[in-house]
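Taking it in order: structure first as structure tokens, then the write-up.
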Amino acid sequence: MRKLVVIDFLSLDGVMQAPGQPEEDTEGGFKHGGWAVPYHDEGLAESIADSMAVTDAYLFGRKTYENFAAYWPTAPREIPFTDHLNNTAKYVVSRTLRNPGWKNTKVIEGDAVQEMRTLKELPGKRIAVLGSGELVQTLMKNNLVDEYFLTMYPILLGSGKKLFRDNDQLTKLELVDSSTTSTGGVMLTYRPT
């Protein structure tokens with residue numbers, strides 16, 4: 001069975017909203033977009049490259065997908081991740097997206113939980129979920145997440161969407177790997193036990 005891995009950048013207070021660009025996600029009046037970029041370093045880039053080597057499918061919620069699809073199809077090929085992201089299978093969960101436009105993309109319109117169970121049963125490498133906070137909530141609620149790769153940075157944002165939100169579901173995690181970045185971040189890999 002394929003692993004489904006959630007990959008996210010988090011502030012120390014657990015915020016995952018808009019780590020990459022100022023206007024990425026301003027929902028709720030969020031004003032700190034792009035907060036993670038100053039903390040990225042070569043160690044993180046190497047870790048991302050290693051992760052991509054064992055990933056042959058990506059799963060997105062619609063908003064995250066649209067952000068990625070607006071940039072990566074025409075991104076310069078000398079950026080290390082361009083070819084991989086453009087040539088790898090992509091699945092986007094959406095009831096409103098009709099023509100995804102980004103090659104190798106399939107829209108999942110129906111029962112996302114059942115589709116993910118089916119996708120995990122197919123042969124292949126792992127499936128990575130990038131960002132996609134609302135989708136991740138559904139995946140966690142239905143015990144579909146096999147691993148979390150979280151990069152936590154030494155910044156408190158005070159507000160914004162969190163990865164781990166208030167719910168009454170007890171979930172214990174096992175630390176599988178950890179390393180630090182040169183910018184004070186911590187890369188953590190957890191598996192639900």
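Structure notes:
- Among the residues making up segment 77-120, those that are within 16 Å of residue 147 (Cα to Cα) and charged (D, E, K, R) are 117, 120.
Every residue, every condition in (1) closer than 21 Å to residue 182 by Cα; (2) buried (at least 18 other Cβ atoms within 10 Å of the Cβ); (3) at pLDDT 95 or above; (4) in contact with a Cys (Cβ under 9 Å, 6 or more places away or on another chain), yes or no:
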{"site": "5", "(1), (2), (3), (4)": "no, yes, yes, no"}
{"site": "9", "(1), (2), (3), (4)": "yes, yes, yes, no"}
{"site": "13", "(1), (2), (3), (4)": "yes, no, yes, no"}
{"site": "16", "(1), (2), (3), (4)": "yes, yes, yes, no"}
{"site": "25", "(1), (2), (3), (4)": "no, yes, no, no"}
{"site": "40", "(1), (2), (3), (4)": "yes, yes, no, no"}
{"site": "43", "(1), (2), (3), (4)": "yes, no, no, no"}
{"site": "46", "(1), (2), (3), (4)": "yes, no, no, no"}
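- Within the option set 96, 180, being closer than 22 Å to residue 60 by Cα, of a type in the set (Val, Ile, Thr) and exposed (fewer than 14 other Cβ atoms within 10 Å of the Cβ) holds for one residue only, 96.
- Selection of first residues in segment 165-181 that are in contact (Cβ under 8 Å) with a residue 12 or more places away in the chain and part of a strand (DSSP E or B) and of second residues that are surrounded by 10 or more Cβ atoms within 10 Å (Cβ to Cβ) and charged (D, E, K, R), restricted to Cβ pairs under 8 Å at least 6 apart or on distinct chains, gives the following pairs, ordered by first then second residue: 173/191; 174/191; 176/147; 176/191.
- Taken over segment 121-143, residues that are farther than 26 Å from residue 73 by Cα and either assigned to a helix (DSSP H, G or I) or of a type in the set (Gly, Ala, Ser) (or both) amount to 6.
- Within the option set 160, 101, 133, 110, being at pLDDT below 95 and surrounded by 14 or more Cβ atoms within 10 Å (Cβ to Cβ) holds for one residue only, 133.
- Within segment 59-112, being touching a residue at least 12 places away in the same chain (Cβ under 8 Å) and among the β-branched types (Val, Ile, Thr) holds for 64, 88, 92, 93, 96, 105, 107, 108.
Conditions tested, residue by residue: (1) basic (Lys, Arg); (2) under 20 Å from residue 138 (Cα atoms).
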site: 59; (1), (2): no, yes
site: 63; (1), (2): yes, yes
site: 75; (1), (2): no, no
site: 80; (1), (2): no, no
site: 93; (1), (2): no, yes
site: 100; (1), (2): no, no
site: 106; (1), (2): yes, yes
site: 110; (1), (2): no, yes
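- Qualifying residue in segment 82-92 (condition: modelled with pLDDT under 90 and either on the phi > 0 side of the Ramachandran plot or surrounded by 13 or more Cβ atoms within 10 Å (Cβ to Cβ) (or both)): no
The values are calculated or read from the model by the stated rules, or taken from the named source; none is laboratory data. Just so we're clear, the structure is a prediction, and the values are computed from it rather than from any experiment. No Cβ is skipped: glycine too gets one built from the backbone with ideal geometry, and neighbour counts run over all protein chains shown.
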